[in-house]
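Shown next, in structure tokens, is the structure this report addresses.
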Amino acid sequence: MAIPKAELHLHIEGTLEPELAFELAERNGIELPFDSVEELRRAYSFTDLQSFLDLYYALMSVLRTEQDFADLAAAYLERAAAQGVRHAEIFFDPQAHTSRGVAIGTVVTGLARALEDAERSLGISSRLILCFLRDRPAEEAMETLESARPHLHAITGVGLDSAEIGNPPEKFREVFAAARAAGLRRVAHAGEEGPADYVRQALDVLGAERIDHGVRCLEDPELVERLRREAVPLTVCPFSNVRLRVVERLEEHPLPKLIGAGLVVTVNSDDPAYFGGYVEDNLDGVRRALDLDPETVRELARNSFRAAFLDEERRAELIAEVDAYRFPAE
Ligand code: ADE
Ligand code: ZN
């Protein structure tokens, strides 16, 4: 049995496996520009974030109906449960769907149905986090928040994703303030490809409670000290960082530096269908590549629950599960 953990950095659209993409394409009468699952998989070779995003957005064309979104989330949650995930906070990109004529209600209702089913059948608790696409205008983000208002009972927070460089957090000051006023939690991708200053802006301007990725904070020792002092969690995604060439090799990943700096580090999968593994694969990957001892891995798992938007009773329960966990070799 895999160590109990929360997954806090997971784009549901990034869990679209080639097999399901072809199945949904056929169901919806959509022609994919690939002849086979194998040919599609061969396209999963990226040079940077943008080269991945181009394929990621293109493949989403197969997602059209409420059932499509429910099937996508159900497939992820089943995989996640098998990898020890006890709680998942799931990003979705409404603008990538509404721009194709799919209503936001179709997206949220389909996802929320699968999440409720998985809570009952698999015992996984979960949350939905609506992400704004930072390479689209700020006005569009505000329209997206407005269109989400009838569905806020199913949405815990907002996030910020897509092409980072040239799209600083500052651009989204107003929409994050409006989200906060609506009672939503706030997270933001920052310091993945973009500079350490975007991490600072995410905290100061957006009121971000967690930083997604954040690995480039290491370029600014004062910022690292602040992240430590304020115990701001980082949702780090090792396989993603290698596949998108933020880091050259897993063996050179700065995870030990972040842990050594006293930060609340968590390990996550980002877009597991595209980056070669789900969250336990990432955790086991860094354990081997970076020679992490069992207690360090347990601490990463505890951090995932500390950083989650959970009620205190369930948080304590899940941390106790980690405390009791022993690896097969221990
Ligand atoms: N959207 C999906 N995955 C992403 C990532 N790693 N960075 C920014 N936007 C994303
Ligand atoms: Zn991400």
Determine whether Ala231 is touching a Phe, Trp or Tyr at 6+ places or on another chain (Cβ under 9 Å) and either farther than 18 Å from Phe91 by Cβ or free of Cβ contacts under 8 Å to residues at least 60 places away in the same chain (or both). no
Among the candidates Phe275, Phe305, residue that is under 16 Å from the mean Cα position of the chain (by Cα), within 14 Å of ligand 2 (Cβ to nearest atom), under 25 Å from Ala73 (Cα atoms) and of a type in the set (Phe, Trp, Tyr): Phe275
Yes or no: Arg216 over 17 Å from the mean Cα position of the chain (by Cα) and within 16 Å of ligand 2 (Cβ to nearest atom)? yes
Scanning segment 252-270 for residues that are surrounded by 24 or more Cβ atoms within 10 Å (Cβ to Cβ) and either at positive phi or under 11 Å from the mean Cα position of the chain (by Cα) (or both) gives Val267, Asn268, Ser269, Asp270
With the condition being within 30 Å of Arg288 (Cβ to Cβ), I'd like the helices (runs of 4 or more DSSP H) fully within segment 128-241 carrying at least 2 qualifying residues. 196-204, 221-229
Could you tell me whether any residue of segment 4-11 is over 23 Å from Ile211 (Cβ atoms), in contact with a Gly (Cβ under 9 Å, 6 or more places away or on another chain) and either assigned to a helix (DSSP H, G or I) or at pLDDT 95 or above (or both)? yes
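In the list Cys237, Cys217, which residue meets the criterion of being modelled with pLDDT of 95 or more and within 12 Å of ligand 1 (Cβ to nearest atom)?
Working: Cys217 fails: within 12 Å of ligand 1 (Cβ to nearest atom).
Only one candidate qualifies: Cys237.
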Within 30 Å of Pro294 (Cα to Cα) and either among the aliphatic types (A, V, I, L, M) or surrounded by fewer than 15 Cβ atoms within 10 Å (Cβ to Cβ) (or both): does that describe Ala88? yes
I need the full set of residues from segment 30-62 which are loosely packed, with under 13 Cβ neighbours inside 10 Å and assigned to a loop (DSSP other than H, G, I, E, B), in order please. Glu31, Pro33, Asp35, Ser36, Ser45, Thr47
Based on this model, can you work out whether Val246 counts as closer than 25 Å to Pro18 by Cβ and either surrounded by fewer than 21 Cβ atoms within 10 Å (Cβ to Cβ) or more than 15 Å from ligand 2 (Cβ to nearest atom) (or both)? yes
If you scan segment 290-330, which residues turn out to be among the aromatic types (Phe, Trp, Tyr) and either under 14 Å from Ser125 (Cβ atoms) or buried (at least 18 other Cβ atoms within 10 Å of the Cβ) (or both)? Phe305, Phe309, Tyr325
Is one or more of the residues making up segment 159-173 more than 14 Å from ligand 1 (Cβ to nearest atom) and on the phi > 0 side of the Ramachandran plot? no
The lone condition Gly159 fails out of (1) touching a Pro at 6+ places or on another chain (Cβ under 8 Å); (2) within 16 Å of ligand 2 (Cβ to nearest atom); (3) among the small types (Gly, Ala, Ser) is (1)
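The values are calculated or read from the model by the stated rules, or taken from the named source; none is laboratory data. Keep in mind that this is a model prediction, so the values were computed, not measured. Here the Cβ is made from the backbone with ideal geometry for all residues, glycine too, and neighbour counts use every protein chain on show.
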